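The values are calculated or read from the model by the stated rules, or taken from the named source; none is laboratory data. This structure is a prediction, so every number in the text was calculated from the model and none was measured. Methodologically, a virtual Cβ is constructed for each residue, glycine included, from the backbone with ideal geometry; neighbour enumeration extends over all protein chains shown. Heavy atoms of the whole protein, side chains included, go into the accessibility calculation; ligands, DNA and RNA do not. Shrake-Rupley method; radii C 1.70, N 1.55, O 1.52, S 1.80 Å.
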Amino acid sequence: MSEILRVEHLKKFFDVPAGTLHAVDDVSFTIQEGQTLGVVGESGCGKSTLGRTVLKLIEPTSGKIFFEGRDITDISKHENRELRKKMQIIFQDPFSSLNPRFCVSDLIADPLKTFGMYGKKELEERVLEIMDLVGLSRRYAYSYPHELDGGRRQRIGIGRALALDPEFIVCDEPVSALDVSIQAQILNLLQDLQDKRKLTYIFVTHDLSVVKHISTDIMVMYIGVMVEKCPAKELFARPLHPYTKGLLSAIPVPNIHHEQKRVQLQGELSSPIDPAEECRFVKRCPYATDICRCKQPTYEEVTPGHFVSCHNVREINGL
Amino acid sequence: MSLLEIRDLTIQYKTRKSVVEAVNGINLKIDEGKTLGLVGETGAGKTTTALGILGLVPNPPGVIAGGEIYFEGKDLLKAKDSEIRKIRGNKISMIFQDPMTALNPVIRVGDQIAEVIALHSGCSKSEASAKSIEMLELVGIRAERSTEYPHQFSGGMKQRVVIAMALACQPKLLIADEPTTALDVTIQAQVLEMMNDLKVRLNTSMLLITHDLGIVAETCDDVAIMYAGQIVEYGTLAHIFDNPMHPYTIGLFGSIPSLDKDVDRLTPIPGLMPDPANLPKGCNFCERCTRKCDRCAESEPEYLEVEPGHFVRCSNLNGGAENV
């Protein structure tokens, strides 16, 4: 197993009228081939921006991105285009991410045509192959997106991402717009494809039960910074950061015998615009001390493989 | 008699080309102070049912084709418009799904709440606005924010405003249509706790429409599972969560990734919900069912009481029980 993606001190700031918005602020991680990194957090925490910056769909403000050992942070437009064959994205909303005037086979053929990879006859064959792969019946080849339901539309989105046979896919909330019974179908499909083609995923979502199900490692983000990262099972068994604890205990569990010890988080996310030099979570944290109000915590390995950024992590968890 | 009793309610959307059978003969009961969870997928007819209770089904194309809705012993479907208007927003009120669109963007939130109060209690403007501030404080919004406009609030705060508005006249029955779907989990937990707390304090009954079984487990007393316009299973929380009998209910539980257990693969329900404009002749769930028999495609299953208070609409329950 080898490392496929390495991200070092990645930052992405946006200039907005009110100041500088810190969407992604100093994020570092690596992903091994064939694994899934789940990225969770509440809306506005920068998880989608992270996914897009890693793909170079947005230029990072600073930091480095290595893909298969090669620095891709400052590559040329041409090289960037070539990179698209290896790195792809599945979008959240299958209703707005598909061109309504393209039929299914046009939509799936689109990335193939862009790279001029096949002749006309081969192209048709290839499109049908991809439709089989993602479980879209061939009779829909000439249907338009509005004729299909959300689950099938999302299969088109997945087909488009897979058309170029990529190695790495960012899944940006691919199942949030779907009903549970359909969501389960799509999650199984993504897992099957991963097994078959040795795909590596970054799986961005706000749904914690989904992320637990599909991820190898999970990273929790809060207002642009990573607060905790560790293997999926470890995160749910032993969350160390106070935000993760609150987040996990806030999930309603579909089991009436489940005893809920809720760490209720008060308040809401503070603004990511020009954040003060303090822990981002300090205003909602039940354990906040003086040091949290004047210094940003560093990101450190607290137990083997378990990274947390919190000043008081050892005191809170009795480590 | 229960606070709300729905009998054989049928609602259709009629267009020139087709008749969409959104709600097909459902029966529901809510007692005072109790919460009923109405669970189902997109297009199952949950919201249409809620609109039917409030007399808000858009007509045309919507028609209430049959049934009775008794509220405090009175049939709402036979009531005059003027009578319904006195009940709606007063004794029965609704929390809409999307707080972003449920508020008027050009009216201050305090005034929006005061409008409901003034309309139903007939009190003076200043009294109404004092009451509206009280309501905002009840849901945890500071009094000075009552003069702000909806866009100045975050999603969670907007939902609190909508809840304050729904509770302003101390309704007997609160219909909450996916009240937390648009919110983040930590905010959702805050809003749910607040709603539970207010429900107990004001002794309000609630019809909670949701697709999240986790929320149902936390807040409801009874559960109705809806599929293609019908209630396929109905019972207490313990009936549905400990002893689900209908294959659709069982399928729903299998589709949710569990936080407690480690499951390698989910067991989704294959296929899709049938088109409500073209429902099959027999059981609506037949095509997706794992334990169907010949009878299922032929005749509509009966709605049977399998144990006291636990109803299931399935013709092949025994066959199923052996398989499980």
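Couple of notes before you dig in:
- Averaged over its residues, region B:257-323 has an accessible area of 61 Å² per residue, based on protein heavy atoms and a 1.4 Å probe.
- Angle between chain A longest axis and helix A:104-114 axis [Cα atoms, degrees, rounded to 10]: 80 degrees
- The contact between chain B and chain A removes approximately 3500 Å² from the accessible area (both sides summed; 1.4 Å probe; ligands, DNA and RNA excluded).
- Shape class for the protein assembly as shown: oblate, because the ratio a/c of the largest to smallest gyration tensor axis (alpha-carbon atoms, square roots of eigenvalues) is 1.5 or more and b/c is at least a/b.
- Its relative contact order, with pairs defined as Cα atoms under 8 Å and 6+ residues apart, puts chain A at 20 percent.
- Placing +1 on the Cβ of every Lys and Arg and -1 on the Cβ of every Asp and Glu, with no other charges, gives chain A a dipole of roughly 360 debye about its Cα centre.
- If R0 is 22 Å, the Cβ-Cβ spacing of B:Thr101 and A:Asp149 corresponds to a FRET efficiency of close to 0.40.
- Gyration tensor verdict on region B:1-103 (Cα atoms; rounded if a/c is under 1.5, prolate if a/b is larger than b/c, oblate otherwise): rounded
- For the set A:Cys230, A:Cys285, the ranking by accessible area, highest first and with no ligand, DNA or RNA atoms included, is A:Cys285, A:Cys230 under a 1.4 Å probe.
- Each part reduced to its alpha carbon centroid, region A:298-312 and region A:52-121 end up 34 Å apart.
- Region B:25-91 and region A:207-278: distance between their alpha carbon centers, rounded to Å: 38 Å
- When the charge dipole of the protein assembly as shown is built from unit charges on Cβ atoms (+1 for Lys and Arg, -1 for Asp and Glu) and taken about the Cα centre, the candidate among B:Pro244, B:Ile141, B:Val19 whose Cα reaches farthest toward its positive end is B:Val19.
- Cα long-axis angle, helix A:150-162 against chain A (0 to 90 degrees, to the nearest 10): 80 degrees
- Over 23 Å between alpha carbons, listed pairs B:Lys158/B:Lys199; A:Lys77/A:Lys196; A:Lys11/A:Lys77; B:Lys80/B:Lys125; A:Lys56/A:Lys121; A:Lys233/A:Lys295: A:Lys77/A:Lys196; B:Lys80/B:Lys125; A:Lys56/A:Lys121; A:Lys233/A:Lys295
- A:Asn80-A:Arg314 pseudo-label distance in nm [points 7 Å out on the Cα-to-Cβ vector]: 4.4 nm
- Per residue, region A:67-196 exposes 46 Å² of solvent-accessible protein surface, assessed with a 1.4 angstrom probe and all protein chains in place.
- Helix A:180-197 axis, angle to chain A major axis (alpha carbon atoms, nearest 10°): 80 degrees
- Environment charge at A:Glu173 (Cβ cut-off 15 Å; Lys +1, Arg +1, Asp -1, Glu -1): -3
- Per atom type, region B:86-153 shows carbon and sulfur on 53% of its accessible surface, probed at 1.4 Å.
- For chain A, convex hull volume per residue from C-alpha positions, Å³: 152 Å³
- Per-residue average of Cβ from other chains inside 10 Å of B:251-257: 6
- Number of partner chain Cβ atoms within 10 Å, mean per residue of B:261-274: 5
- Proximal charge balance of A:Gln35 [Cβ under 15 Å; K/R count +1, D/E count -1]: -1
- Over region A:213-319, relative contact order from alpha-carbon pairs under 8 Å, at least 6 apart, %: 26 percent
- Shielding by other protein chains, A:203-213, mean Cβ within 10 Å: 3
- Dipole magnitude of the protein assembly as shown about its Cα centre (Cβ charges: Lys, Arg +1; Asp, Glu -1), debye to nearest 20: 1060 debye
- Each stretch of four or more DSSP H residues adds -39500 (n - 2.57); spread over every residue of chain B, this sum gives -10000 deg cm²/dmol at 222 nm.
- Neighbours of B:Glu178, meaning other residues whose beta-carbon lies under 11 angstrom from its beta-carbon, give a summed charge of -2 when Lys and Arg score +1 and Asp and Glu score -1.
- Remark: region A:212-277 carries a charge dipole of roughly 360 debye about the Cα centre, counting +1 on each Lys and Arg Cβ and -1 on each Asp and Glu Cβ.
- Nearest-0.05 FRET efficiency for A:Glu301 and A:Glu277, computed from C-beta distance (R0 22 Å): 0.40
- Protection proxy ranking of A:23-30, B:73-80, A:195-202, B:163-170, by the mean of other Cβ atoms within 10 Å over each peptide's residues and highest first, is B:163-170, A:23-30, A:195-202, B:73-80.
- Region B:172-324 - percent relative contact order, Cα under 8 Å, separation 6 or more: 18 percent
- Accessible area of chain A belonging to carbon and sulfur atoms, whole % at 1.4 Å probe: 49 percent
- Projecting the Cα positions of B:Leu202, B:Pro257, B:Gly89 onto the charge dipole of chain B (unit charges on Cβ atoms of Lys, Arg, Asp and Glu, taken about the Cα centre) puts B:Gly89 furthest along the positive direction.
- For region B:227-324: rounded, prolate or oblate by the Cα gyration tensor [a/c cutoff 1.5]: oblate
- Inter-label distance for A:Val16 and B:Glu307, nm, one decimal - labels placed 7 Å from Cα along Cα-to-Cβ: 5.3 nm
- C-alpha center-to-center spacing [region B:197-257, region B:132-175] in angstrom: 27 Å
- Probe 1.4 Å - accessible area at A:His257, Å² to nearest ten: 130 Å²
- Less than 5 angstrom separates the built amide H of B:Ala65 from those of B:Thr10, B:Ile11, B:Gln12, all sequence-distant by 5 or more or on a different chain.
- Nitroxide proxy distance, nm - points 7 Å out along Cα→Cβ at B:Glu148 and A:Asp110: 3.9 nm
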